[in-house]
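Data block below; observations after.
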Amino acid sequence: MSTATVLHKKELASALVEVCSVRLGDTWFGVPITHILEIIGAARPQPVPLAPDYVGGLVHYRGDVLTTVSLRQLLDLPPKEGAQAILVLESDGGCFGLLVDAVGEVLTVSSADYEPNPSILDQRRKTLFAGAYKLKEKLLVMLNPERLDPLRLSQAS
Amino acid sequence: MDELTREFLIESQEGLDRMERCLTDLEARPKDAALLGDIFRSVHTIKGTTGFLGFKRLESLAHAGENLLGLLRDGKLVADRPLITGLLHLLDGLRSILKSIETEASEGEGDDTVLIEQLEELQAPVRFPGAQELSASTTANAKQKACIKAGVKSASMAPPPPALQKAPTPCPAPPPSAPVPVSAPSAKAARTSEPSEVVASPAAPPPVETEPDASRTRPQTAAAGTAAESTLRVDVVLLNRMMNLVGELVLTRNQVLQATAADPNMTLLSRRLDMVTADLRENVMKARMQPVSNIFSKMPRIVRDLSQSLGRRVRLQVEGQDTELDKSLLEAIKDPLTHAVRNSLDHGIEPPEVRQAAGKDPEGTLKLRASHEGSHVIIEVSDDGAGINVEMVRLKAIERGLIAAERAAQLGERELLQLIFLPGFSTAAAVTNVSGRGVGMDVVRTNVEKIGGKVEIDSRPGRGTTLRLRIPLTLAIIPALIVRSVDQSFALPQGALSELVHIPPEQASKAIEWIEGAPLYRLRGKLLPLVFLDRLLVPAGQHKSAIEHDNFIAVLDADGRRYGLVVDGLADPEEIVVKPLSAVLKVIGLYSGATVLGNADLALILDPGAIAQKAGVTMSADREATGAASEEEDSGAAKAMEYLLVEAAGRRAAVPLADVLRIEQIPLSRIEYIGDRPVLNFEGQLMPVEDSGAVLAAAESSAQADHEAQIVVVVCREANRHVGIAVSHVLDVAAGGDLFEAGTSQRTGGVTLLKDRVTGVVNLAGVQPLPSVEEAPENWNQLAEATS
């Protein structure tokens, strides 16, 4: 293998990002897989009375009680009936769950298709989103896992 | 920090802890060679290792101590009080340096010369046999004192030679590494810098003698090392994680058991799983247990220091050191226990002359006792001091504005005793550094209640005070009642629960009374503030306003506040595994954690104290305190005289409530007969059923009319057996009054005044009014064994 191809491959690798796609309503969002610990399907979080709105409830996760964040609530979408999927995300303050409608697949996207947040987004969405990838058939809106941490959210509100 | 240093720190701290224990023991037995050897070893080990690791400050301090201890061990000095004080100071000095190494990874900038001088001064009154040496030593002492007076630091005659000879000895095994040669000469330099000519003085304690001793201790430490190999240090975080996983396993097991119940092939396997899980859980919990001696061992020092500074003579007695408690709980009760001991010394035990005047032993006794009682560990701190002067408590409470004077006048002795738990309360006339600041007993109570425990106090004037801390065995698993509200399950810790009241829907509107929007319930004639859990949890306007369904009032006692929590439904009590909540949910304040129930549902654990606060059950300090006190008084007095009022075939009878285990409604067919004696097969054991009222016969005759004959059996505890009493109805719970025989004014036995009617008390021991079951226990037990 020549040095040139190795270099080329390295360049390519650094430009590619693996993203897990999740659906909420009609929108597809992306979460970098490096932040995801586990995906739990068909969970019914236990609501917590008097908790902040963005808290989607509690789920039982590997012997611990995990606080979940409802992405629907955060984006002012109406609550969804029935079971939802949970992405278990890792952040500085520990783990938390992110409630989404459905989990899609792991995509490999290229940084060439990346665009930062458009300026017309409102302030809240600007902090939650981290730009978007232009895929062939849709836009994949990147989420900023750090900003979704319930602790960060409670500080923000 | 490298592994070696960390290990050294842990080891040294353990060594110092041991030394502290030994030192206080030494005071009682100054000649005990084993103790001295132990202390010497601790210091010696520290010195040896520090030389290796290059902690110079630590080394020189340990060295000074070692010299002193060497003399002590060789019998050249006697461990008198100032000497032990000096050694304790050495201990503190070593500890503070270790602490600074732990936190800042360096020894810190402190100056130990004063301490070292003090230690060296203690070596001075060495007396050698033989007049010549004696005189020589005195002159040397004079010289030494002159040196110190002249401000010459360190370096008496004794230390340098051992420093020269011994510093290299601790590390012959490892190849001489860089720090050793550096530290040894420098220590030497520091010491021998000035009066090196004095070293030649014949009065110097023969330094050579410490040498063989040092080597003699070596094999002993090695032996201790092999004993340590059978144990292992485990990170508490890892243990916590294990506990969590075991909790998880228990849960999964419960689900497996449920799922496989129908499949006979799986029964054996799932039973095995059940057993192994239970065993595992028990052992992991055991791994977290530590003997209370871990905190008790700190007390001799505290008692010693305090009694000296307060001028008391105190003998400390410790019992039940092996009683084990979860590590986190042990940590949590350390402060309350210290407070309690301080209090006993300062307020309890009188100065020797006062004690003598009162005809007591001038030496007071402070007793620390730990024991198991059911699922609790009881820790008692008792003294034989003056006891609490309740009149003084009354005056001080009024003076400090904790209670209104007219209210205080009405309080009884027991209620007054409770006042000492109020924040800001103190009877001390002057603020000393020991106590009198008005923090203390309230801290004791708050800390103990925080971990689900209880504090009881008992005091007799002139005879002493006993403080009893009731601590749950473990924090991780607590008994809780599962309640339902807003279509969710919540766990209510049973520690705070005192009783449950059911209000049927048709009575709801009548039973709950209102004062200006504040719901109240009349509980045995007293108004109980109510808190509706659903209204608390769901913002106003969103909840269903109807109270026309079943309501249950859980009567709670939290931090001295008493209130009723109204919930929609009750489920079974469960042993729950407490899981912490994330910070976002903790700030809500109403929940102390979450748990996973047997059916795999999640439930939030309610915090009774926080709910009371949120709902405004908080009263002003005055009312709160007296309310709580009188309530406690109530329940305390009632425990002795409360009765269960029952009716047996038209006759009323009373059963002491304290003896009642539970009340069971069972179909008549479950009653079986041995001969003509009715018995109940109860949890696989036979329980005699008393039927003096012929309830069974009555029920049988009525059974022909409607075949679902049910009888009520009151299950009671009598000595160490269970007894059932067949009754027609259970009427009420009431406090009984004493009756006195006319003329003689003697208290009558067997009857009590219940609800203004003279009622016979069921004598469970079996004399009257029921026919005797005196001989029954053995017989029945034999029968039970024979049949099972």
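The values are calculated or read from the model by the stated rules, or taken from the named source; none is laboratory data. These numbers come from a predicted model, not from an experiment. Heads up, the Cβs are rebuilt from the backbone with ideal geometry, glycines too, and the neighbour counts pull from every protein chain shown.
Values computed for the structure shown
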| quantity | calculated |
| --- | --- |
| Filter result (more than 10 Å from chain B (Cβ to nearest Cβ) and in contact (Cβ under 8 Å) with a residue 12 or more places away in the chain) within region A:69-81 | A:Ser70, A:Leu71, A:Arg72, A:Gln73, A:Leu74, A:Leu75, A:Leu77, A:Lys80 |
| Meets criteria (within 26 Å of the chain's Cα centre (by Cα), assigned to a helix (DSSP H, G or I), surrounded by fewer than 19 Cβ atoms within 10 Å (Cβ to Cβ) and among the polar types (S, T, N, Q)) for B:Asn343 | no |
| In region A:33-55, the residues that are in a loop (DSSP other than H, G, I, E, B), within 11 Å of another protein chain (Cβ to nearest Cβ) and on the phi < 0 side of the Ramachandran plot | A:Arg44, A:Pro45, A:Pro47, A:Val48, A:Pro49, A:Ala51, A:Pro52, A:Tyr54 |
| Test: B:Gly48 is outside any loop (DSSP other than H, G, I, E, B), surrounded by fewer than 24 Cβ atoms within 10 Å (Cβ to Cβ) and small (Gly, Ala, Ser) | yes |
| Residue match in region A:141-148 (condition: buried (at least 19 other Cβ atoms within 10 Å of the Cβ) and within 14 Å of chain B (Cβ to nearest Cβ)) | yes |
| Unique residue being part of a strand (DSSP E or B), hydrophobic (A, V, I, L, M, F, W, C), more than 14 Å from every other protein chain (Cβ to nearest Cβ) and touching a strand residue (DSSP E or B) at 6+ places or on another chain (Cβ under 6 Å) when the list is A:Leu99, A:Leu66, A:Leu58, A:Leu89 | A:Leu99 |
| So B:Gly401, is it over 22 Å from B:Asp335 (Cβ atoms), modelled with pLDDT of 80 or more and not β-branched (Val, Ile, Thr) | no |
| Single unsatisfied condition, A:Gly94 versus (1) small (Gly, Ala, Ser); (2) closer than 24 Å to A:Glu18 by Cα; (3) within 14 Å of chain B (Cβ to nearest Cβ); (4) within 15 Å of the chain's Cα centre (by Cα) | (4) |
| Qualifying residue in region B:492-502 (condition: within 14 Å of chain A (Cβ to nearest Cβ), touching a Phe, Trp or Tyr at 6+ places or on another chain (Cβ under 6 Å) and at pLDDT 85 or above) | no |
| Qualifying residue in region A:12-32 (condition: modelled with pLDDT under 85, assigned to a loop (DSSP other than H, G, I, E, B), more than 18 Å from the chain's Cα centre (by Cα) and not small (Gly, Ala, Ser)) | no |
| Qualifying residue in region B:187-208 (condition: at pLDDT 75 or above and either β-branched (Val, Ile, Thr) or closer than 29 Å to B:Leu69 by Cα (or both)) | no |
| Where a residue in region B:573-593 is in a strand (DSSP E or B) and its partner, wherever it lies, is among the hydroxyl-bearing types (Ser, Thr, Tyr), with Cβ under 9 Å and at least six apart | B:Glu574/B:Thr595; B:Ile576/B:Thr595; B:Val577/B:Thr595; B:Lys579/B:Thr595 |
| Strands (runs of 3 or more DSSP E) lying entirely in region B:463-514 (those with 1 or more residues that are without any contact (Cβ under 8 Å) to a residue 60 or more places away in the chain) | B:497-503 |
| Some residue of region B:302-314 being buried (at least 16 other Cβ atoms within 10 Å of the Cβ), in a strand (DSSP E or B) and at pLDDT 85 or above | yes |
| So B:Arg484, is it within 26 Å of B:Glu331 (Cα to Cα) and of a type outside the set (S, T, N, Q) | no |
| Count of region B:594-614 residues which are in a loop (DSSP other than H, G, I, E, B), more than 9 Å from chain A (Cβ to nearest Cβ) and of a type outside the set (A, V, I, L, M, F, W, C) | 3 |
| Any chance A:Ser111 is of a type in the set (Ser, Thr, Tyr), within 14 Å of chain B (Cβ to nearest Cβ) and surrounded by fewer than 20 Cβ atoms within 10 Å (Cβ to Cβ) | no |
| Test result for A:Leu153, touching a residue at least 40 places away in the same chain (Cβ under 8 Å) and either part of a loop (DSSP other than H, G, I, E, B) or within 14 Å of chain B (Cβ to nearest Cβ) (or both) | yes |
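Quick grid of which residues meet (1) at pLDDT below 85; (2) crowded, with 21+ Cβ neighbours inside 10 Å; (3) at positive phi:
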| site | (1), (2), (3) |
| --- | --- |
| B:Asp534 | no, no, no |
| B:Val538 | yes, no, no |
| B:Lys544 | yes, no, no |
| B:Ile547 | yes, no, no |
| B:Ile553 | no, yes, no |
| B:Leu570 | no, no, no |
| B:Thr595 | no, yes, no |
